[in-house]
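Report on the structure given below.
What follows draws every value from the coordinates through simple rules; no lab data is involved. As the structure is a prediction and not an experimental result, all values here were calculated from the model. Here the Cβ is made from the backbone with ideal geometry for all residues, glycine too, and neighbour counts use every protein chain on show.
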Amino acid sequence: MNQRQQELLDRLNRTGKILIEEEAEHFSVAPMTIRRDLRFLEKNGLAVQTKNGAIPKPKIYAAPLNMAEDSAIKRKIATKLLEMIEPLSTVMLSTGTTTLTLARLLAQQNLPLTIITNSIPIASALFQTRIKVILIGGELRTTSLDLVGPAAEKYLSEYHIDLLVTGCDGADAEEGFYTSDLNLANLEKMSAKVSDKVIVITESRKFGKKALVKFAEIGDVDAIITDNRLKTIDRELLNRHGIELYIT
């Protein structure tokens, strides 16, 4: 980084926005020179170029797109699901650690998709990729960086989704899938309603547990991807209900 680029970065962080024409005049250089400087800052993750200048790169996007903190089980589940996603499709990724793992994989693959999500971390993981990201509006949860509530449900009701990918806090092979948040349950129900296909991705340890609210009956789900520790009785019950079961 040269001295001018460093000063540009300092001015950007201090003011929150810089304009190419103003900076060209300030440094007594051509606008194209400033544009190249801003391109350098963006390439190095220090700024986001706009039409006429640049803004600081939001801190939420500073997290590296690696999977170091993701468990091996989550990675296997997400990798299996990656094989099932059709290019150019519209996919809803609900909040959750396994769906976030999938988002990181999608970012590495850079597939031509439209992703709809209520999860700010998922949107962050997909930032600056070929993937078109639609972050639905709503009320921020107090326990995580996710958007829920009536506004989010109304927003989502206007979309058509090819594939819904969601996790759960609890699962019962006969009764359905659970979450611990009422607002999130309502949003999940709306997501399933506007989706052609619903896939639940979850670790097998969630089976046999129930959380506060059921958001889906067994019959509402088309497929489940889980790990090989799933009990035989649960496998048999899910197969009996006609659910596509993928064991990683």
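Return the calculated 222 nm mean residue ellipticity for the chain, to the nearest 500 deg cm²/dmol, obtained by summing -39500 (n - 2.57) across DSSP H runs with n ≥ 4 and dividing by the residue count.
Here the helix-only value at 222 nm equals -11000 deg cm²/dmol.
With a cap of 12 neighbouring Cβ atoms within 10 Å, and only residues DSSP puts in a loop, list the trypsin sites (Lys or Arg not before Pro) found in the range 133-236.
Within the range 133-236, the qualifying trypsin sites (Lys or Arg not before Pro) (loop, at most 12 other Cβ atoms within 10 Å) are Arg229, Lys231.
Binning at 10 angstrom from zero up to the longest distance, how are the C-alpha pair distances of the range 3-57 distributed in percent?
Pairs per bin, as whole percents: 28, 65, 6.
Ignoring the sites themselves, what is the longest stretch of the chain with no GluC sites (Glu not before Pro) in a DSSP loop and at most 15 other beta-carbon atoms within 10 Å?
84-157
If you average the sequence gap of Cα pairs under 8 Å that are 6 or more apart and divide by the length of the chain, what percent do you get for the contact order?
Across the chain, relative contact order equals 14 percent.
Ratio to report: Rg/Rh of the range 1-140, with Cα atoms as the point set and Rh obtained by the Kirkwood method; give two decimals.
1.08
Can you find, among Leu9, Ile55, Ser94, the residue farthest towards the positive end of the dipole of the chain? Put +1 on the C-beta of Lys and Arg, -1 on that of Asp and Glu.
Farthest towards the positive pole: Leu9.
Report the full-extension gain for the segment Glu83 to Thr114: residue separation times 0.36 nm, less the Cα-Cα distance, to one decimal in nm.
So the chain would gain 9.5 nm between Glu83 and Thr114.
Find how many whole Å separate the alpha carbon centroid of the range 1-19 from the alpha carbon centroid of the range 130-200.
40
Counting Lys and Arg as +1 and Asp and Glu as -1, what is the net charge of the other residues whose Cβ lies under 11 Å from the Cβ of Asp234?
Around Asp234, the charge tally is +2.
Compute log10 of I(q)/I(0) for the range 98-248 with the Debye formula, placing one identical point scatterer on every Cα and leaving out solvent, at q = 0.14, 0.20, 0.22 Å⁻¹, to two decimals.
-0.69, -1.33, -1.49
Determine, from the Cβ-Cβ distance of Thr97 and Thr15 and an R0 of 51 Å, the FRET efficiency 1/(1 + (r/R0)^6), rounded to the nearest 0.05.
The formula returns an efficiency of 0.85 here.
Which stretch or stretches of the range 168-186 have amide N atoms under 14 Å from the point lying 7 Å from Thr142's Cα along the Cα→Cβ direction?
181-183
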